[in-house]
Amino acid sequence: MAYDKFTVLKSTAVPLPIENVDTDQIIPARFLKATERKGFGDNLFRDWRYNPDNSPKEHFVLNNPIYQGKILVGGKNFGSGSSREHAAWAVYDYGFRCVVSSFFADIFRNNCLNVGVLPVQVSAAFLQRIFEAIEKDPGAELEVNLPEQTITLLPTGDKESFDINGYKKQNMLNGFDDIDYLLNMKEEIKSFAGDTPL
Amino acid sequence: MSKTLFDKVWDSHVVRKIDNGPDVLFIDRHLVHEVTSPVAFLGLKNRGIPVLYPERTFATADHNTPTRNQHLPVQDPLSANQLRALENNASEHGIPYWGLGHEKNGIVHVIGPENGITVPGATIVCGDSHTSTHGAFGAIAFGIGTSEVEMVLATQCIMQPKPKRMRININGSLNEAVTPKDVALYIISRLTTSGATGYFVEYAGEVFRNMSMEGRMTVCNLSIEMGARGGMMSPDEKTFEYVRGREFAPSGADWDSAMAYWKTLYSDADAVFDKEINFNGADIEPMITYGTNPGMGVGISRSIPKAESMEGGVATYRKSLEYMNFAEGEAMIGKQVDFVFLGSCTNGRIEDFRAFAKIVKGRKKADNVTAWLVPGSHKVEAAIREEGILDVLREAGFELREPGCSACLAMNDDKIPAGKYAVSTSNRNFEGRQGPGARTLLASPLVAAAAAVTGKVTDPRELLEPELA
Ligand code: SF4
């Protein structure tokens with residue numbers, strides 16, 4: 001599914017300084033019953049965000065209007081757990097375009113890249129500085145520059161570069177997905193398959 | 001050049017290498033289920049393209065299905081809708097579909113091996129992270145997201161950077177009542193849930209060589225819980241014996257040529273791993289988890305570690321114990337248990353039911369425990385009957401449910417109520433995994449059985465007959 005192109009994103013950020021945030025928290029399994037990709041943003045962090053009677057939990061960061069923005073900043077080992085792409089959809093559909101953490105779970109990172117959410121891995125020290133800056137001023141902005149592969153904490157000017165493989169970077173910059181690429185090499189795949197027993 | 005087992009299988013499936021990008025990897029066999037496939041099929045429809053090789057994809061219904069009265073229409077309209085979508089998609093694209101009630105129906109990672117879909121040296125993917133299970137046969141198997149499900153349907157390929165290689169060696173012999181599940185929980189507790197992120201793991205050493213195929217599947221299944229892309233073991237005679245004669249396995253002349261290839265599937269003596277880790281089998285005790293990720297496990301006779309001794313953040317650790325309503329330093333033995341769940345692709349195979357029956361035989365289910373015993377497939381269910389295990393279970397006050405994922409992820413009605421404690425043989429103890437507010441203690445079938453008959457966390461060694469131990 002195509003998504004918006006990503007180049008430079010300047011935004012305030014929502015802090016979630018918890019480690020090992022797993023995909024069951026990002027989107028609980030009971031919301032995986034859809035047959036279309038719709039409405040997942042409403043259930044992002046459902047059980048941390050709402051009480052069983054559907055009233056919002058005041059203390060959860062998404063319910064606190066002073067925190068806004070297109071960047072989600074999470075603790076170490078973000079997105080561990082299941083392969084459900086619904087977790088990345090929920091993050092995207094809620095309105096985040098970028099997740100920052102000091103470490104990502106593998107499949108979640110992959111899924112993000114496939115749906116147009118940029119995972120930015122920073123050092124533990126940099127992550128700490130982001131959390132501190134937001135705590136001091138929820139209006140603190142980050143700038144994520146994909147062409148240059150840098151992330152800057154604007155109030156302090158702190159800057160770090162991040163890794164992304166060249167192929168995925170081109171995809172994100174252009175809003176392409178892998179299927180477009182693979183469909184273009186169908187003949188090559190077919191001749192490979194011809195030599196491969198079932 | 002010398003290669004690892006992983007290299008051999010991976011390299012032989014690379015269709016194209018992209019400079020400074022991922023490899024295009026050919027997928028031999030693809031398993032789909034109702035939850036992560038509908039949006040992928042919708043994607044094909046929107047692009048107006050067919051499934052390239054429908055004979056390489058197999059579909060089952062498992063995640064969402066009831067474990068009672070499967071012959072009746074599914075009650076929950078959303079679940080029923082998803083099941084219908086899979087059935088329609090499968091029939092539209094000519095994909096074999098084993099729905100509710102079908103004799104081959106069951107949990108996707110249980111039926112793959114059972115029907116010979118899982119073979120050594122293959123690449124196998126599925127939109128479920130525990131696809132790593134199939135690595136027990138010397139296959140490269142891992143979970144993928146829905147976009148990738150669509151890619152495989154459309155092109156039989158996915159694009160992945162090649163992971164690094166890790167080998168975990170465990171030698172020595174295992175102690176009494178230590179099962180493959182305990183070995184896996186031990187490894188995860190030592191490596192943490194992110195200790196193998198970015199790696200593909202090979203398990204080597206005596207402990208794994210001595211395991212049955214079922215045991216090897218349990219270990220490989222849990223590879224994902226330490227962050228690994230997947231885990232695998234070199235195939236051996238046990239593997240070949242298991243595969244031989246199964247419906248979708250090669251036969252006749254194909255079998256002979258397959259065997260010739262399969263016998264080359266081991267890590268060369270001087271192959272280099274990016275990381276190598278050694279443990280001693282004798283150090284492992286029956287395990288149980290006390291927290292909200294699978295790395296938070298201890299030997300059952302131990303107490304809950306103090307926050308200061310943990311590597312991760314203290315705040316996260318305390319939040320986790322608060323959810324469990326446990327305190328640092330408390331003993332695990334004797335803790336209250338309200339539910340017992342035997343099942344899932346981790347421990348829902350025949351051997352797991354045999355282990356459970358060994359302990360409950362001649363005893364009675366504790367009154368305070370609700371037990372859900374859910375076979376991984378209809379074939380497992382049939383074996384439970386044939387081997388007389390069902391009688392043992394019934395006599396002890398247990399009933400058997402129908403196959404499916406059930407309380408592993410609680411998408412159907414099998415939800416542990418908020419605040420209740422469940423000893424579960426599944427694979428994840430995340431907050432709410434087994435139902436909103438549910439508290440999960442992951443353990444082996446033996447530990448689950450001990451809890452089921454005593455109503456609290458109990459060391460299974462106390463209940464095993466000496467001659468059976
Ligand atoms: S039993 Fe659990 S882990 Fe296994 S396939 Fe089903 S939901 Fe996934």
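For this structure, a couple of remarks:
- Inter-probe distance in nm under a simple model that places probes 7 Å from Cα toward Cβ, at A:Leu183 and B:Ala418: 4.6 nm
- Summed over all non-identical Cα pairs, the Kirkwood treatment of chain B gives a radius of 22.4 Å.
- Normalised alpha carbon radius of gyration of the protein assembly as shown [divisor 2.2 N^0.38 Å]: 0.91
- Fully extended contour minus Cα-Cα distance, from B:Ala327 to B:Glu237, at 0.36 nm per residue: 27.7 nm
- Total formal charge among the other residues, if their Cβ is under 13 angstrom from that of B:Ala327, Lys/Arg +1 and Asp/Glu -1: 0
- Accessible-area value, B:Tyr261, 1.4 Å probe, nucleic acids and ligands omitted, Å²: 90 Å²
- For the protein assembly as shown, DSSP calls about 35 percent of its internal beta bridges antiparallel.
- Shape call, region A:36-189: gyration tensor on alpha carbons, a/c limit 1.5: oblate
- Of the residues making up region B:155-185, those losing 40 Å² or more of accessible area when the isolated chain is joined by the remaining protein chains, with a 1.4 Å probe, are B:Thr155, B:Met159.
- Links that overshoot a 21 Å alpha carbon limit, given the list B:Lys3/B:Lys275; A:Lys186/B:Lys164; A:Lys5/A:Lys190: A:Lys186/B:Lys164; A:Lys5/A:Lys190
- The solvent-accessible area of A:Trp48, taken with every protein chain present and a 1.4 Å probe, is close to 30 Å².
- With all protein chains in place and ligands, DNA and RNA left out, the 1.4 Å accessible area ranks B:Glu276, B:Glu150 as B:Glu276, B:Glu150, largest first.
- For B:Lys319, the aspartates and glutamates whose Cα comes closer than 18 Å to its Cα, not counting residues fewer than 8 places off in the same chain, are A:Glu19, A:Asp22, A:Asp24, A:Asp47, A:Glu58, B:Glu308, B:Glu311, B:Glu328, B:Glu330, B:Glu431.
- Ranking of A:Lys186, B:Lys164 by solvent-accessible surface, largest first: B:Lys164, A:Lys186 (1.4 Å probe, protein heavy atoms only, all chains present).
- Within the assembled protein chains, the solvent-accessible surface assigned to A:Leu127 is about 10 Å², based on a 1.4 Å probe.
- Candidate lysines for bridging to B:Lys365, where Cα separation is under 24 Å - those fewer than 8 sequence places away on the same chain excluded: B:Lys181, B:Lys335, B:Lys415, B:Lys420, B:Lys456
- Listed by chain and number, the lysines whose alpha-carbon sits under 24 Å from that of A:Lys10, ignoring those within fewer than 8 places in the same chain, are A:Lys70, A:Lys76, A:Lys136, A:Lys159, A:Lys168, A:Lys169.
- The listed residues B:His71, B:His33, once ranked by accessible area (1.4 Å probe) with the largest placed first, stand as B:His71, B:His33.
- Mean ellipticity per residue at 222 nm, deg cm²/dmol - from DSSP H runs of n ≥ 4 across chain B, formula -39500 (n - 2.57): -8500 deg cm²/dmol
The values are calculated or read from the model by the stated rules, or taken from the named source; none is laboratory data. Treat the numbers as computed from the prediction; the structure is a model and nothing was measured. All Cβ positions, glycine included, derive from the backbone under ideal geometry; neighbour counts span all protein chains shown. For the accessible areas, the whole protein counts, side chains as well, though only heavy atoms, and no ligand, DNA or RNA atoms are used. Shrake-Rupley method; radii C 1.70, N 1.55, O 1.52, S 1.80 Å.
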